[in-house]
Amino acid sequence: MGSTVYLETIGCQMNVADSERADVRLRAAGFDLSQSPETADVIIFNTCSVRERAANKVFTRIGEVRRQRLGREPVVGVMGCVAQLEGKTLFDNSPSVNLIVGTRATDRLPELVNRALEGERRVIDLDERADGEKWDVPATARTSKYVAFVPIIEGCNKFCTYCIVPFSRGREKSRAASDIVAEIRELRDHGYREIHLIGQNVNSYRPGTEAGLEGFKGATAFCRLLRAAAATGMERIKFTTSFPRDFHPDIVAAIDEHENLCEWVHLPVQSGSDRVLRAMRRGHTASDYMARIAAIKKARRRMAITSDIIVGFPGETEADFRETLKLVGQVGYDALFIFKYSERPGTPAARLDDDVSRSEKTARFLELEEMQQQLQQKTYESYLGRVIKVLVERTSLKSDQDMSGHSTCHKVVNFPGGSAALGEVVSVRVTEAKPNSLYGQVTQAI
Ligand code: 5AD
Ligand code: SF4
């Protein structure tokens, strides 16, 4: 029997996708994946460092898991952003760690795990992904049977001053369009109903060649990729995250042309104040951003728009924060992810004085959250009586009489039903608007 590996993911969709790839590579090399950290031979944490709290979580988890252990000491590995950034200092600071796998070394994981199992005390690989290395995860090896994440670009060249990602994930590297399209086709053939094209900035997609995009029109490579993805006939295609400066209106045109490109755009603004945006080095002003929003709102289809906001960036005044409230009020987001600024060592903003007090950050967070809740309630209520298409993904977390899934506009929708509908797309008439989800009745299975 092969050794058993327990793999735990902390962090974003890119980490989830990396874990999936790690899972596949490990199984292919003869390892058994285990759900129990108590007995596994190898324990790997796939880590996130975008905010301090996430970065610290891995240390808490290592302690917790080691206390629960039955039997001998496992190999303890750290992969992902914390591994990439901390490098070998992790060995010194966490003596139980004996395997460190950087963000571009996922595909080399089996060989690294084997070295650790053979007794090598400190195994570390922080190297780049080799050219020509495949990113594919076969349809048969994925965690969900209906929804798949497909990375199209990894890394980031933007260097927003608060952000650790350009350091933890390195420079942007786009995947060949022909590989992406082939993967989508394979997923479609295996019955997948929805894919998410993912990347730190999907719309900065810039492959070395146009192979796979021949014959598709579009103002940018990403627009051509969207049309090529739509042409595969995959039922639902979502994409995230978009970067405002590179958000070409042709993306909206592509969504208008193709029913299977979903009507949802995640376009983080981070702040509504030009002064703060400049200090964040986002490369856009509030009015540049609002011009993108106007283009999205002019679409034939009614688009859902979501965003990320950081409150309490160094130097953010009460007046700056009011600008953020104003912008949020103008856009009317379908959902908003609000973060308190968290200083990340090594980023340019870490050299600034983190001068917005903790209580002020909390006050701004709560005020913005309250405002968003009120606006969101109105948006959600506007769906009452409408029929929307929902991919049935699981039993509801709150009631086992209900099923749960997402709409094409990426809202969580619950409705009474049984597990027979799993993996199906159903039409749901919305009867209730909850704070973060919709409730309704199935009108027909399609
Ligand atoms: N502090 C707080 N939030 C951050 N984000 C990124 N870096 C930081 C930081 N240092 C947020 C941004 C980004 C989201 C993924 O995380 O809003 O869009
Ligand atoms: Fe970070 Fe900015 Fe890159 Fe997003 S675009 S990953 S916020 S540096």
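Could you give the dipole magnitude of the chain about its Cα centre, charging the beta-carbon of Lys and Arg +1 and that of Asp and Glu -1, in debye to the nearest 20?
Numbers: 62 positive and 60 negative charges, 119 e Å.
The calculation lands at about 580 debye.
For region 129-217, a crude dipole built from +1 on the beta carbon of Lys and Arg and -1 on the beta carbon of Asp and Glu, taken about the Cα centre, is about 280 debye to the nearest 20.
Would you mind classifying region 138-190 by shape? Square roots of the alpha carbon gyration tensor eigenvalues, ordered a ≥ b ≥ c; an a/c under 1.5 is rounded, otherwise it is prolate if a/b is larger than b/c and oblate if not. Here region 138-190 falls in the prolate category.
With the simple spin-label model, which puts each label point 7 Å out from Cα in the Cβ direction, the ASP355 to ALA294 separation comes to 3.4 nm.
Full extension of the chain segment joining ALA231 with GLU369 gains 45.8 nm, where the gain is 0.36 nm per residue of separation less the Cα-Cα distance. Taking 0.36 nm per residue of separation and subtracting the Cα-Cα distance, full extension of the segment from ARG27 to ALA141 would add 40.1 nm.
When the chain is fully extended, how far beyond the present Cα-Cα distance does LYS434 get from THR285, taking 0.36 nm per residue of separation? Numbers along the way, then the final one.
Numbers: separation 149, 0.36 × 149 = 53.64 nm, distance 3.33 nm.
Extra length from LYS434 to THR285 when fully extended: 50.3 nm.
Rg/Rh for region 199-276 (Cα atoms only, Rh after Kirkwood) is 1.00.
Shape call for region 145-294 from the C-alpha gyration tensor, a ≥ b ≥ c root eigenvalues: rounded (a/c under 1.5), prolate (a/b greater than b/c) or oblate?
prolate
For region 20-159, the share of alpha carbon pairs falling in successive 5 Å distance bins from zero is 2, 9, 18, 22, 22, 16, 9, 3, 0, 0 percent.
Put a dot 7 Å past the Cα of ARG69, heading toward its Cβ, do the same for THR89, and the two dots end up 2.5 nm apart. Given a 1.4 angstrom probe, what's the average accessible area per residue across the chain, in square angstrom? Dividing the accessible area of the chain by its residue count gives 42 Å². Taking a point 7 Å from the Cα of ASP131 along the Cα-to-Cβ direction, the residues of region 157-176 with backbone N closer than 17 Å to it are 171-176. Spin-label pair GLU259-GLU120: with each label point 7 Å from Cα along the Cα-Cβ axis, the two points sit 5.4 nm from one another.
Hey, what's the Cα Rg ratio for the chain versus the globular rule of thumb, 2.2 N^0.38 Å? Present the calculation step by step, with values, prior to reporting the outcome.
Values: Rg = 22.3 Å, N = 446, 2.2 N^0.38 = 22.3 Å.
With N residues counted in the chain, Rg over 2.2 N^0.38 Å equals 1.00.
Between the listed residues ALA228, ALA54, ALA139, the Cα displaced farthest toward the positive end of the dipole of the chain, a dipole computed from Cβ unit charges relative to the Cα centre, is found at ALA228. Based on the Cβ-Cβ distance from THR443 to GLU214, what FRET efficiency comes out when R0 is 56 Å, to the nearest 0.05? Working from the Cβ atoms, E equals 0.85. For a 4.7 Å threshold on C-beta separation, the list of partnerless cysteines in the chain reads CYS12, CYS48, CYS81, CYS156, CYS223, CYS262, CYS409.
Hey, got the dipole for region 32-190? About the Cα centre, +1 on K and R Cβ, -1 on D and E Cβ, debye to the nearest 20? Mind dumping the intermediate values first?
Details: 25 positive and 24 negative charges, 116 e Å.
Charge dipole, region 32-190, about its Cα centre: 560 debye, nearest 20.
Between ARG386 and THR39, take the C-beta separation as r, use R0 = 45 Å, and let me know the FRET efficiency to the nearest 0.05. Let's see the in-between values first.
Values: r = 49 Å, r/R0 = 1.10.
So the FRET efficiency works out to roughly 0.35.
Straight Cα distances below 27 angstrom link LYS411 to the lysines LYS145, LYS238, LYS297, LYS298, LYS326, LYS340, LYS378, LYS389, LYS398, LYS434, with same-chain residues fewer than 8 positions distant left out. Each eigenvalue of the Cα gyration tensor of region 73-231, multiplied by 5 and square-rooted, gives one semi-axis; in descending order these are 33, 19, 13 Å. The share of accessible area on the chain that comes from carbon and sulfur is 50 percent, using a 1.4 angstrom probe.
With N residues in region 258-373, what two-decimal value do you get for its Cα radius of gyration over 2.2 N^0.38 Å? Please list the in-between numbers first.
Numbers: Rg = 14.9 Å, N = 116, 2.2 N^0.38 = 13.4 Å.
The reported ratio for this selection is 1.11.
Determine the shape class of region 146-229: with a ≥ b ≥ c the square roots of the Cα gyration tensor eigenvalues, call it rounded for a/c under 1.5, and otherwise prolate if a/b is greater than b/c, oblate otherwise. Because a/c hits 1.5 or more and a/b fails to exceed b/c, region 146-229 counts as oblate.
The values are calculated or read from the model by the stated rules, or taken from the named source; none is laboratory data. Since the model is a prediction, treat every value here as computed from it, not as a measurement. For neighbour counting, all protein chains shown are included, and Cβ atoms are generated from backbone atoms with ideal geometry for every residue, glycine included. Only protein heavy atoms, including side chains, enter the accessible area calculation; ligands, DNA and RNA are left aside. Shrake-Rupley method; radii C 1.70, N 1.55, O 1.52, S 1.80 Å.
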